[in-house]
Amino acid sequence: MKHTGTQAIKTKRLTLRKLELADTEMMFNNWTSDDEVTRFLRWDAHKTIDDTKNMIQMWIKNYQSNSTYY
């Protein structure tokens, strides 16, 4: 398997892209702080917006690896 890392995927109706720090507030308000949404994830719901910011920063750093997919 040839790893290519996280790539943007675009269709007529949807764009999937790498996360950015600017996404922090939206993510926290819409899903990372919700116990029901994060119920089956490997991490608990975030208690503060800084929890989400720290996670995004870690993911952005990991984008450097071609074997990272978020």
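The values are calculated or read from the model by the stated rules, or taken from the named source; none is laboratory data. Note that this is a predicted model, so its numbers are computed, not measured. No Cβ is skipped: glycine too gets one built from the backbone with ideal geometry, and neighbour counts run over all protein chains shown. Remember, those area values only see protein heavy atoms, side chains included, never the ligands or the DNA or RNA. Shrake-Rupley method; radii C 1.70, N 1.55, O 1.52, S 1.80 Å.
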> Is there a residue being part of a loop (DSSP other than H, G, I, E, B) and either free of Cβ contacts under 8 Å to residues at least 12 places away in the same chain or more than 12 Å from the chain's Cα centre (by Cα) (or both) anywhere in segment 15-29?
Replying inline: yes
> What is the number of the single condition among (1) surrounded by 13 or more Cβ atoms within 10 Å (Cβ to Cβ); (2) in contact with a strand residue (DSSP E or B) (Cβ under 8 Å, 6 or more places away or on another chain) that residue 5 does not meet?
Replying inline: (2)
> Do you know which of the residues in segment 41-52 that are at pLDDT 95 or above and open to solvent by 80 Å² or more (accessible area, probe 1.4 Å) is farthest from the chain's Cα centre (by Cα)?
Replying inline: 47
> For segment 40-48, does any single residue satisfy the condition of being touching a residue at least 60 places away in the same chain (Cβ under 8 Å) and under 27 Å from residue 1 (Cβ atoms)?
Replying inline: no
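Of all residues in segment 1-14, count the ones that are among the polar types (S, T, N, Q) and touching a residue at least 24 places away in the same chain (Cβ under 8 Å). Steps first, answer last, please.
The first filter runs over segment 1-14 and keeps only residues among the polar types (S, T, N, Q), leaving 4, 6-7, 11.
Then drop every residue that is not touching a residue at least 24 places away in the same chain (Cβ under 8 Å), which leaves 4, 6.
So the answer is 2.
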